[in-house]
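Trainee: The structure under discussion is supplied below as structure tokens; questions concerning it will follow.
The values are calculated or read from the model by the stated rules, or taken from the named source; none is laboratory data. In this text the structure is predicted, and so the values were computed from the model without any measurement. All Cβ positions, glycine included, derive from the backbone under ideal geometry; neighbour counts span all protein chains shown.
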Ligand SMILES: C[S@@+](CC[C@H](N)C(=O)[O-])C[C@H]1O[C@@H](n2cnc3c(N)ncnc32)[C@H](O)[C@@H]1O
């Protein structure tokens with residue numbers, strides 16, 4: 001994601017835009033997480049550390065958070081952006097999540113957001129990660145399920161065809177790397193197969209209704225571009241052109257300035273106990 005030259009945002013810019021545009025919904029998720037003061041949280045694949053301020057608030061006082069990511073560049077942004085955080089002790093580790101440098105269970109809570117969609121073997125990854133969580137500790141995985149994406153007033157059949165084309169592209173791995181943008185609905189099954197019990201799953205609806213803020217407009221433009229890039233190969237030229245017209249600010253059909261324009265998708269959180 002974000003590394004393809006056809007995308008106009010860097011990975012950190014895309015993560016930040018996404019996070020800011022969905023900040024109300026994501027903040028609510030963190031409010032709902034089973035965290036308590038003093039918890040030790042391991043944020044696996046933490047990226048540029050966008051969730052840390054809210055996690056830190058929930059584990060204060062006395063909490064510790066370790067953010068782990070493969071990318072030293074994202075970790076350096078994470079460190080910089082969270083340097084004023086006073087609520088919890090933060091550490092950052094550059095490592096592969098399949099080879100984490102812990103010899104015994106360290107975490108009360110393991111958190112991983114928006115990353116299980118990239119794992120071809122999510123059950124094995126979850127089993128491995130669970131070894132770092134103390135007995136009785138919790139695992140919180142958050143991810144997307146883009147099959148529910150809705151843009152209105154685009155014609156319903158155009159949206160459906162585009163989403164179906166995206167599903168086909170994902171199934172046939174046409175995007176150049178493993179990616180399951182429908183992993184959200186599978187999280188409970190992944191936990192069950194990994195042998196993790198006491199599951200709770202919550203699906204969060206994300207809705208944006210016009211008039212959109214400039215940030216929401218940029219976010220929706222980016223989503224529309226990602227969706228069409230994904231689906232492109234399985235759509236007719238007519239559908240591709242129609243989609244592009246709806247998201248071209250110079251077109252009379254431009255949807256994001258239309259009163260009553262509406263966007264919807266879902267994000268899923270599954271929590272289990274080790
Ligand atoms: C979509 S980003 C999500 C970042 C962050 N969790 C968020 O929600 O904003 C996926 C992250 O996974 C990291 N990543 C991918 N494979 C990894 C691995 N094997 N070990 C550690 N980090 C990995 C990437 O560097 C990237 O920061």
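Trainee: Restricting to region 99-139, count the residues that are over 29 Å from residue 18 (Cα atoms) and either free of Cβ contacts under 8 Å to residues at least 24 places away in the same chain or in a helix (DSSP H, G or I) (or both).
Mentor: Counting residues in region 99-139 that are over 29 Å from residue 18 (Cα atoms) and either free of Cβ contacts under 8 Å to residues at least 24 places away in the same chain or in a helix (DSSP H, G or I) (or both) gives 3.
Trainee: Moving to a separate point now. Quick one: residue 119 ticks every box in (1) farther than 29 Å from residue 188 by Cβ; (2) touching a helix residue (DSSP H, G or I) at 6+ places or on another chain (Cβ under 7 Å) bar one, so which box is it?
Mentor: Looking at each condition in turn, residue 119 falls short on (1).
Trainee: Next up: State the number of residues belonging to region 26-50 that are within 13 Å of the ligand (Cβ to nearest atom) and either under 23 Å from residue 264 (Cβ atoms) or assigned to a strand (DSSP E or B) (or both).
Mentor: Residues in region 26-50 being within 13 Å of the ligand (Cβ to nearest atom) and either under 23 Å from residue 264 (Cβ atoms) or assigned to a strand (DSSP E or B) (or both): 8 in total.
Trainee: Also, quick follow-up: Residues of region 140-156 being under 16 Å from residue 226 (Cβ atoms), part of a strand (DSSP E or B) and away from the ligand (no atom under 16 Å from the Cβ), which ones?
Mentor: Hits for region 140-156 are 147, 148, 149, 150, 151.
Trainee: Does residue 81 satisfy the condition of being farther than 30 Å from residue 239 by Cα, modelled with pLDDT of 95 or more, surrounded by fewer than 19 Cβ atoms within 10 Å (Cβ to Cβ) and away from the ligand (no atom under 11 Å from the Cβ)?
Mentor: Here the answer is no, as residue 81 does not meet what is asked.
Trainee: Still on this model: Sort through 223, 271 and tell me the only one that's at pLDDT below 95, closer than 30 Å to residue 109 by Cβ and touching a strand residue (DSSP E or B) at 6+ places or on another chain (Cβ under 8 Å).
Mentor: Going through 223, 271 in turn, the sole match is 223.
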